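What follows draws every value from the coordinates through simple rules; no lab data is involved. Quick caveat, the model's predicted, so the values are computed rather than measured. Neighbour counts are summed over all protein chains in view; Cβ atoms, including those assigned to glycine, are modelled from backbone coordinates with ideal geometry.
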Amino acid sequence: MAYVAHDESDYVPPAEVEEVELYHPKTFIGKYIWSQDAKVIAIQYSITAIAVGLVALVLSGIMRLQLGYPNTFSFITPGTYLQFVTMHGMIMVIYLLTALFLGGFGNYLIPLMVGARDMVFPYVNMVSYWVYLFAVLLLMASFFVPGGPTGSGWTLYPPQAILEGTPGASWGIILMLVSLAFFIVGFTMGGLNYVVTVLQARTRGMTMMRLPLTVWGIFMATILALLAFPALFVSCIMMTLDSLLGTSFFMPAIVSMGQQLDYGGGSPILFQHLFWFFGHPEVYIVALPAFGMVSDLISVHARKNIFGYRMMVWAILAIGALSLVVWAHHMYVSGMNPYFGFFFAITTLVIAIPTAIKVYNWVLTLWRGNIHLTVPMLFAIGFVFTFINGGLTGLFLGNVTVDLPLSDTMFVVAHFHMVMAVAPIMVVFGAIYHWYPKITGRMLNDTLGKFHFWATFLGSYAIYYPMHYLGFLGVPRRYYAMGNTDFLPESAHSLNAGITIVALIVGAIQVVFLYNLVWSYFKGKPSGGNPWGATTLEWQTPDTPPKHGNFGPTLPVVYRWAYDYSVPGVDEDFIPQNQPPGEKTRGLEET
Amino acid sequence: MTIALVVAAAIVAIIVGWLLRQTLNTKPWIEQQHPIENVRAESAWSLPPVKVGLGVFLAVATSLFALFISAYFMRRMGADWNTLADPMVLWWNTALLCLGSIYFQRARTAAQRGQIDGVKVGLLAGGAFTFAFLAGQLWAWQQLNASGFYLATNPASDFFYLLTALHGLHLLGGLWVWGRTTAKVWRGFEVADVRLSVELCTVYWHFLLVVWLILFGLLLST
Ligand code: HEM
Ligand SMILES: [Cu+2]
């Protein structure tokens, strides 16, 4: 691209920010292991997260085997079932999705998209990954300690979490709590980087309102996480003390296995408040980056500017702020003051407004767009569908009277899998198909990708739609087996078996995706620097994959927002953010 | 939990307020709203990143302490809460920490004026008073222990140990940075090289002083 000055307004003053001095390692180890390059750290985060995610996927398969075919598998006992439920839930939510969205995509995309050479504190960023890895190893170690991992459910409610009788009450729970504490410390290091990089390291011309929505989503999610994770930290510390030293922060006076324990006076409800003060924002920590990325995917692949950019940003802020004041909707059944419940029901329903705005805006962006049904686009549309589904059942559950009978049934499991498992995972897949060419320089195979999409999308619906119905029938969650229960018709059991078969197939099909990742890395079609014709800065780097330092000798200067697609009167159907204004009319002048 | 709620709301309000003062109400799709040179000035602060980093970290620490304090209030409603006789030495400790903060402030002023001697004195005295404070806190633990309040004796003493330990750990973290800065000063670095570190330490110390005053008031009042 030629840099020709057109008129005075194009004049670019010399940079005010000094060039960052990057640490340039010489050895292989310095480059790929103890790396301070955010892009390498991002890959490390992603691979680790996906690896534990696979463990969690296998666990869910085992759980489904038990639910579909009770009395068949002798290696699944009630205890191990609970352990698998717990580990599956915690790994998926924290160690996979949070780490992948913020540590993985955050690290890769933030510096590139804001036009920085790297994160502002590269060393801290590196330590962040290693602390995360340590947390993962601690968690995995709990499979091998006496008593195995904890079976308390991912919500870790005391008193049961640390009482004998719950699997893993001696070692497992401690490892879980300590691992979470380390995760939080590691995340805080990374989080400081993401926030400060967005605030302070944007290149010239990149105002906050010119940031791609991906960055907005990750930015707000990080702020939420920085404020909410301390609540989990506090509860981990206090529960560890309760368990190891016999304090009574959460533990009431209690008789366990016929014995009066030394505890007394503690408040399990206090734990629930602390846990959900973290737990609800956690949903948005996962959802907001997904919102952001999906906005960009839709805009790029529909060749249209995002509808209502400003509204999208405001909605992200509103959702972020509101999500800190809705936590007690997870505690409707805890016997709280009805007025309290009323307050939280209202805030919960209010949060639906900005969320709905976002959904409308996605749909309106698609409306009469030049939709390219590429694999990323398919996943993006899959996300919108799934999110609407999960959001609607969320409106049910947000009302106290509806929630009471449905709480702790399969209906809840179906709801939250739709909204915070399937939907974000759709975005993860879409984003990987979208950015893989930038990361490796090669395209992922399209046919395999389409197959992967349809199998995953249809499969997820086959798994989770029937689960709503099972919940209405009254099938409880976290139950090892239903036995002979009168209220369940025979068909419910066959339905369960059917769900299991589909779940196993969908799980197995993910192998196709992994195969595609590896195969395309060596054999994929070379992609060039900007295969999708996207405007954002990461696609304008001189090298693909970008080298350490991202942008070659000079940093890009930004002249426009990130959504100049199909601008009338311009030859190309997109204008990169760093293209000076005069050049946009080049097409016209030449003809 | 109301406290945590209020604090979180305040932090979010600050963030949103700041963002609104930014360019949140501009229309980015209209081309050429600003020539580039104005854009920089209004888009990012001209602060060094570490300063902003410290600010963000303080927000996280505020959230952490606010949550502990919320937990304290909720747990205090339990019937088994015994009022503690707080050790007298806490008053002395408070004075020591105040002095520490004052000397850090002096180091900062000296650094701004470029007086290396003032920086040296301020840093040394500030660090010394902080160590004295920590020693005093250990002594307070000793006294509590002697009067029969161990960890896990009563929720009041549990919280006492927990909160003071947490605060102490934050100070230790600060002392680590203080140690590196002081070593630099002694190895003959210019004032300009340490000005920023001195300033960051000072802000951090003031923050921890305020946290301590709040915690102390809380411990006294119950
Ligand atoms: C093929 C994909 C998946 C299948 C088949 C699956 C299946 C299951 C099953 C059977 C349960 C236990 C229900 C019960 O007995 O209470 C469960 C729980 C759970 N799952 Fe998944 N899941 C999948 C993916 C995910 C993902 C991607 C997430 C990420 C958010 C997730 C989050 C959870 C959580 C938080 C729980 C609750 C754990 C608990 O009750 O403590 N799942 N899942
Ligand atoms: Cu919630």
Specify the angular offset, from 0 to 90 degrees and rounded to the nearest 10, of the alpha carbon long axis of helix B:2-21 from the longest principal axis of the alpha carbons in chain B.
10 degrees
Please sort through the DSSP H helices of chain A and keep those with an alpha-carbon extent of at least 30 Å along the long axis and a Kyte-Doolittle average not below -0.5.
A:38-68, A:172-200, A:213-244, A:268-301, A:375-398, A:446-473, A:490-523
Would you mind listing how long segment A:74-194 runs along its three principal axes, going by Cα atoms, in whole Å with the largest first?
55, 23, 21
With a cap of 13 neighbouring Cβ atoms within 10 Å, and only residues DSSP puts in a loop, list the trypsin sites (Lys or Arg not before Pro) found in segment B:181-217.
B:ARG187
Ratio of the Cα radius of gyration of segment B:55-108 to 2.2 N^0.38 Å, where N counts its residues:
1.61
List residues of segment A:438-456, by number, whose backbone nitrogen lies under 12 Å from a label position 7 Å along Cα→C-beta of A:ALA51.
none
The lysines whose Cα lies under 23 Å from the Cα of B:LYS120, excluding any fewer than 8 residues away in the same chain, are B:LYS51, B:LYS184
Loop by DSSP (not H, G, I, E, B), at most 16 other beta-carbon atoms within 10 Å: where is the longest site-free stretch of chain A for GluC sites (Glu not before Pro)?
A:165-571
Computed magnitude of the charge dipole of segment B:2-219 (debye, nearest 20; Cβ of K, R +1, Cβ of D, E -1):
320 debye
On C-alpha positions alone, give me the angle between the axis of helix B:49-76 and the longest principal axis of chain B, in degrees, nearest 10.
30 degrees
Within 10 Å of each Cβ in A:318-328, the average number of Cβ atoms from other chains
2
Restricting to Cα atoms and excluding each atom paired with itself, what does the Kirkwood estimate give for chain B in Å?
20.0 Å
Subtract the Cα-Cα distance of A:PHE342 and A:LEU244 from 0.36 nm times their separation in residues, and report this length gain in nm to one decimal.
31.5 nm
Mean other chain Cβ within 10 Å across B:51-57 is 6
Cross-link reach from A:LYS450 to lysines, straight Cα distance under 24 Å and at least 8 residues apart if same chain, gives A:LYS304, A:LYS438, A:LYS523, A:LYS525
Among B:PHE160, B:PHE189, B:PHE65: highest mean-square fluctuation, GNM of chain B, C-alpha pairs under 10 Å:
B:PHE189
What residue among B:ILE11, B:ILE102, B:ILE69 shows peak mean-square fluctuation when chain B is described by a Gaussian network model with Cα springs under 10 Å?
B:ILE11
Extended-chain gain in nm, criterion 0.36 nm per residue less alpha-carbon gap, A:PHE487 and A:ASN71
147.8 nm
Would you calculate, for the protein assembly as shown, the mean residue ellipticity at 222 nm contributed by helices, counting each DSSP H stretch of 4 or more residues as -39,500 (n - 2.57) and dividing by all residues, to the nearest 500?
-21500 deg cm²/dmol
Positive end of the dipole of the protein assembly as shown, charges at C-beta (+1 Lys, Arg; -1 Asp, Glu), about the Cα centre: which of A:VAL52, A:PHE385, B:VAL177 has its Cα farthest in that direction?
B:VAL177
Taking only the C-alpha atoms, wrap a convex hull around the protein assembly as shown and report its volume per residue in Å³ as a whole number.
172 Å³
Averaged over its residues, how many other protein chain Cβ atoms are within 10 Å of peptide B:153-161's Cβ atoms?
3
